[in-house]
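Down below is the structure, laid out as structure tokens.
Derivation of every value follows stated rules applied to the coordinates shown; laboratory data play no part. Values in this document were obtained by computation on a predicted structure and should not be read as measured data. Cβ coordinates were reconstructed from backbone atoms using ideal geometry, including for glycine residues, and neighbour counts include every protein chain displayed.
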Amino acid sequence: MKTLGFFTQNELDLVVGNKRRRERLEGRVLPTGVRVKTFGQESIIFPEFAAAALIVERPSEEDTALLSQMGAAAQSLYETTSFRALAVVLRAALYKRKGWTLTFLAETLLEQARDDLLEWRQEVTEAEQRLAELGIVTRLDVGRIADISNQGYRIVLDDDVITCGLNASRSRLAVGTWVTRDLVELGARKGEVLVPTVAPDTIPAMESVAVGEKQDEAMLSNVSFQPVVVPYVRDEFNGEMDTEGDVVRPKRRLRVRSNKALYANANTMARSHRTPPAR
């Protein structure tokens, strides 16, 4: 899978709507990110599986227990030798730099710390497998937004074209944006999130990690979920402020391959009040 294993506050701010909202969620719903600071710049790094937390608006007691496990998994990754090596490279690259993008970070890491990045990606995959055993499952597809309509985002994957609901991201993403389409499970909750990412061609060296995909398939085949139809409570965002909205269920068409049929009725960034399945 051609992904970095992480995203930054820049991508997360688009997904949740704005910086202020992300700051409110961080540490309460989202795992706390690691701040890589240098003169005039700061990047905040989150592991990819942190996106699973975004389907929770107001955590229940059961949600809180799962989110705590996710936070602990993220903290363990931040303490690895590979991440510390990546942080050193990023700090040097950002020093006195005016602005940066995720693509810039990816190209820098591949040039200066490729082995550490590969090791980090493998450690993220292993963390995802452990979380799946606890009921936190994330499956990613990389695609590009080809069109936007009232029905949702039309996204071209390697071997399919799908439509994702507009509320898979609170900010409107532009046509041409590369994204990961995250199908996530948090206990009984199910949802779909779009997170901006880098173009796959930016990280060809990550192909060596593709062996993890077979492990992902095996992991998911041992997890039994029943699809549910659930409402989504979201804030209306007009570009500056967000206020409480109504319970809505957006209409959308989603083409699902056979191995994703269990998600066929899941709403984007959804909330469920269903009793969690027995362990």
Unique match (being surrounded by 15 or more Cβ atoms within 10 Å (Cβ to Cβ), closer than 23 Å to ARG121 by Cβ and of a type in the set (A, V, I, L, M)) among VAL29, VAL16, VAL56, VAL36: VAL36
Qualifying strands (runs of 3 or more DSSP E) (wholly inside region 1-107; at least 3 residues being over 20 Å from GLU185 (Cα atoms)): 34-38, 41-47
Selection within region 59-68 - exposed (fewer than 15 other Cβ atoms within 10 Å of the Cβ) and under 20 Å from GLN129 (Cα atoms): THR64, ALA65, SER68
In region 97-143, the residues that are basic (Lys, Arg) and in contact with a Ser or Thr (Cβ under 7 Å, 6 or more places away or on another chain): none
Positions within region 134-192 being hydroxyl-bearing (Ser, Thr, Tyr), assigned to a strand (DSSP E or B), touching a residue at least 40 places away in the same chain (Cβ under 8 Å) and over 16 Å from ILE55 (Cβ atoms), in sequence order: TYR153, THR163
Lone unmet requirement of (1) of a type in the set (D, E, K, R); (2) touching a Phe, Trp or Tyr at 6+ places or on another chain (Cβ under 7 Å); (3) part of a helix (DSSP H, G or I); (4) surrounded by fewer than 18 Cβ atoms within 10 Å (Cβ to Cβ) for GLU128: (4)
In region 88-116, the residues that are surrounded by 14 or more Cβ atoms within 10 Å (Cβ to Cβ) and either under 18 Å from the mean Cα position of the chain (by Cα) or not aliphatic (A, V, I, L, M) (or both): ARG91, TRP100, LEU102, THR103, PHE104, LEU105, ALA106, GLU107, THR108, GLN112, ARG114, ASP116
Members of region 1-43 that are under 15 Å from GLY71 (Cα atoms) and of a type in the set (A, V, I, L, M, F, W, C): PHE6, LEU25, VAL29, LEU30, VAL34
